[in-house]
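J.: Provided herewith is a single structure, encoded as structure tokens, for subsequent inquiry.
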Amino acid sequence: MKLPPMALTAPSLCPRCDAPAIMTDHCIQCALPLRQCGSCQGIAGPFDRYCGFCGYDLVQGARRAPLWRLWLLAALIPLAAGIAFGFSPWARPAAHTVASIVGASRTTPNPAGTTPQHSAALAVSYVAPKDWVILDAGQASPYVVVSHYGPDDMKVTDAKGDLLQVKGQAAIIELGRPAGAAPPAVDPSDPQAVLAVEVSTLVSAPPAGLKFDVVTPVHALTINGRPAAAVIFKVTRDSGTYYLERAYISSPTPGQPPLFAFGALVPTNDWDGAGDNTRVDQVLRSIRFV
């Protein structure tokens, strides 16, 4: 039986023949397979489970320095940076770019902002703002969606075209034909009369969770020679405040309803600070029947 070393140094001799253990995988004299302690670097026999000098479990391999546990903190740095960026003012432009790339297969980005877009299903043309995303499903959908933030168009689809149910991240414009019948005792071809009745209903009996304040009352317009009417609300809901613009344009298209509907839902900050109120008005005034 071998005695422990006299000094407090890890054993470095072969446990069978006491030859210096220069090779840590086997003894150069008797060829005994050797193991090296991962803690004290001492030499142990092939069947030893624990180091005879420091008691370290040889199966665990080399002992790691305490600082290695900081890898978890280092891994959290990108996550924290991503969360901070998501709340920063630079997040939305980056999100718009990513959304336009991801949604390119089902939506069409408008690169120029001056070329008229044509909708065969609605029989109209219009000009969308530059770099906004257009969702036009053709005959399969009774409306076209033009959105500043790509994923918002699917929210309109999920809401079946009802902008009041959409909680968008940015400006959304919807072009289409009125889904329901005109209010009773109202000329269905008079945009100002139809819109006035709708405004009265929304203000007096708004949908649950919504509050409507009229910013610009119903007023008459002329859109490319066609009679029209528009109104602007400020809508308050649990997710924030939005501007809602509604407009009706007298439509000459045979076989279609007598009015063409225009709707825009814009977060307050984008309407007041980003100039989306001007972009919405430009889209409205660019509508032509073809």
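No lab work stands behind these numbers, since they all come straight from the coordinates. These numbers come from a predicted model, not from an experiment. Because the Cβ atoms are built from the backbone with ideal geometry, glycine has one as well, and the counts that use them run over all protein chains shown.
J.: Where does the Debye-calculated log10 I(q)/I(0) of region 189-235 sit at q = 0.14, 0.18, 0.26 Å⁻¹, using only Cα point scatterers of equal weight, no solvent?
T.: -0.36, -0.56, -0.93
J.: Order of Trp132, Trp71 from fewest to most other C-beta atoms within 10 Å? Could the numbers behind the result be given before it?
T.: Details: Trp132 25, Trp71 9.
Neighbour counts put them in this order, fewest first: Trp71, Trp132.
J.: Across every pair of different alpha-carbon atoms, what Kirkwood hydrodynamic radius in Å does region 113-153 reach? Show your work: numbers first, answer last.
T.: Working: mean 1/r = 0.0943 Å⁻¹.
Every distinct Cα pair counted, the radius reaches 10.6 Å.
J.: Could you list Val214, Val144, Val59 so that the one with the fewest beta carbons within 10 Å of its beta carbon is first and the one with the most is last? Spell out each step's value before the answer.
T.: On the way: Val214 13, Val144 23, Val59 9.
So the ranking, lowest neighbour count to highest, is Val59, Val214, Val144.
J.: Per residue and in Å³, how big is the convex hull formed by the alpha-carbon atoms of region 108-289? Spell out each step's value before the answer.
T.: Numbers: hull volume 20.1 nm³, N = 182.
Here the figure is 110 Å³ per residue.
J.: Which lysines, if any, have their Cα less than 25 Å from the Cα of Lys211, not counting same-chain residues under 8 positions apart?
T.: Lys155, Lys160, Lys167, Lys234
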